[in-house]
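The values are calculated or read from the model by the stated rules, or taken from the named source; none is laboratory data. Quantities reported herein were computed from a predicted structural model and do not represent experimental measurements. Note: accessible area is taken over every heavy atom of the protein model, side chains too, but ligands, DNA and RNA are not part of it. Shrake-Rupley method; radii C 1.70, N 1.55, O 1.52, S 1.80 Å.
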Amino acid sequence: MFMPDALNLLSNLIGQDVVVDMRSTFVCLGTLKTVDDRWFILTDADLHDLRDTPTNRENYVAESKMTGIKRNRTEVYLNTAEVVAVTRFDDLIDE
């Protein structure tokens, strides 16, 4: 469960494209619609299972920075207990 301070910080990302790294083999990229103590809701999202491709998480995200988010979901709910990190898409370093 997220603490109120964390929710306040994350609320600053609402309306922005983000990368959500999950505990599992999934990574999700999309527009953060809302966040509360149980759910991240992203719209126009790319929910990607890294088992489906030969690339690793870092390379998949870096490729998305170069080519754009490959949107495959109108809306997706991500359980906060599964989230490891959240990054603004614009903050990705493209080297």
Using the eigenvalues of the Cα gyration tensor, what equivalent ellipsoid semi-axes result for the chain when each is taken as the square root of five times the eigenvalue, whole Å, largest first?
21, 14, 12
Could you work out the relative contact order of region 1-76? I mean the mean sequence separation of Cα pairs under 8 Å and 6+ apart, divided by the number of residues, in percent.
27
Between helix 57-67 and the chain: long-axis angle, C-alpha atoms, 0 to 90°, nearest 10:
80
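Counting only heavy atoms of the protein chains, get the accessible area per residue of the chain (1.4 Å probe) and round it to a whole Å² value.
Working: 5770 Å² over 95 residues.
Ligands and nucleic acids excluded, the result is 61 Å² per residue.
For the chain, which whole-number percentage of the solvent-accessible area (1.4 Å probe, protein heavy atoms only) is attributable to carbon and sulfur atoms?
Numbers: 2890 of 5770 Å².
Accessible surface attributable to carbon and sulfur in the chain totals 50 percent.
What 222 nm value per residue comes from the helices of the chain, counting each DSSP H run with n ≥ 4 as -39,500 (n - 2.57) and dividing by all residues, nearest 500 deg cm²/dmol?
Values: 2 runs with 19 residues, N = 95.
Result for the chain: -6000 deg cm²/dmol, rounded to the nearest 500.
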